[in-house]
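Okay, so here's the structure we're looking at.
Derivation of every value follows stated rules applied to the coordinates shown; laboratory data play no part. Bear in mind that the values here come from a model prediction, so they are computed numbers and not experimental data. Ideal geometry is used to build each Cβ from the backbone, glycine not excepted, and the neighbour counts take in all protein chains shown.
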């Protein structure tokens, strides 16, 4: 029962922070400091990635019509535009997929720590503020997904590579990339959502495969139940988070998320810095 409550909390955190550009990793690293799952460490590592499936299914549900090239309600032109959108999503996903496959273990072992997370939270928080100030008063070049060029989607894909460093925020990096290449906030946000589909499905498959190979498929009934619960909760909360973000950016910019990231980064840095100093003094 206690583990289920912990998973409930983690699912809520994942559902909110996966789509708002504030870093799910930055929040999970803080939450897990106080709410630790009493399960196999390998399973916990895999769980933290796989609950993203619930979040990504929320995108599929909300945007099913827009993403479905076979919808009978669409004209032939609309179907073709939908296929073109998927081609752009796949192209943008390639850089992160290649780098992620090659350097997944290296990144986990060298960058998955509180100090890197704190630094990236603060750096990209500042970037959000700088980019929004730069774009203030300017008319976006791209206000429709169909007008995104291959060059622009590749640039956004390159920015997504930056999100492989923990604390960056996948949505944060790609939204900044979108804004820098001239998209409107709504186009940047929606393309980020769609780009998450192949990337997060791929990341989840990779983590599950790695866990199965290393553990010999040591899934028990409890683990499967907790995994499903986490996915279900992150799905429901993601629905609300996505709808909130799209409504919010109709009349507001992303600067509030930049300020929030800076504050959170400072909290993470201060907490783990004090903890390290205390541990050192005790030793």
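Return 142, 199 ranked ascending by Cβ neighbour count within 10 Å, so the fewest neighbours appear first.
142, 199
For helix 24-34, what angle does its Cα long axis make with the longest principal axis of the chain, in degrees from 0 to 90 and rounded to 10?
20 degrees
Along the three principal axes, how long is the chain when you take its alpha carbons, biggest first, rounded to the nearest angstrom?
64, 43, 34
Tell me, what is the FRET efficiency for residue 240 and residue 77 to the nearest 0.05, using R0 = 35 angstrom and their Cβ-Cβ distance as r?
So the FRET efficiency works out to roughly 0.60.
Can you pull a Stokes-Einstein diffusion coefficient for region 208-276 at 37 °C (0.692 mPa s), Rh from Kirkwood over Cα pairs, as a whole number of µm²/s?
Translational diffusion coefficient: 204 µm²/s.
Springs between alpha-carbon pairs under 10 angstrom, Gaussian network model over the chain: which of 272, 106, 191 fluctuates most?
Per the Cα network of the chain with a 10 Å cutoff, 106 tops the list.
Averaging over all projection directions, find the projected area of the Cα convex hull of region 107-213 and quote it in nm² with one decimal place.
7.4 nm²
Using every Cα-Cα pair within region 145-186, state what percent have a distance larger than 17 Å.
24 percent
At what distance in nm do the modelled label points of residue 256 and residue 138 sit from each other, each positioned 7 Å from its Cα along Cα→Cβ?
2.4 nm
Let me have the 222 nm mean residue ellipticity of the chain computed from DSSP H runs of 4+ only, each contributing -39500 (n - 2.57), with the sum over all residues rounded to the nearest 500.
So the calculated ellipticity at 222 nm is -26500 deg cm²/dmol.
Report, in whole Å, the centroid distance computed from the Cα atoms of region 152-198 and region 78-123.
9 Å
Computed on alpha carbon atoms, what radius of gyration and Dmax characterise region 153-277, expressed in Å?
When restricted to the Cα atoms of region 153-277, Rg and Dmax are 17.7, 51 Å.
Using alpha carbon centroids, what distance separates region 129-150 and region 10-50, in Å?
Distance between centres, Cα-based: 32 Å.
Can you quote the Å³ per residue value for the convex hull of the Cα atoms in region 1-62, rounded to an integer?
It comes to 81 Å³ per residue, whole-number rounded.
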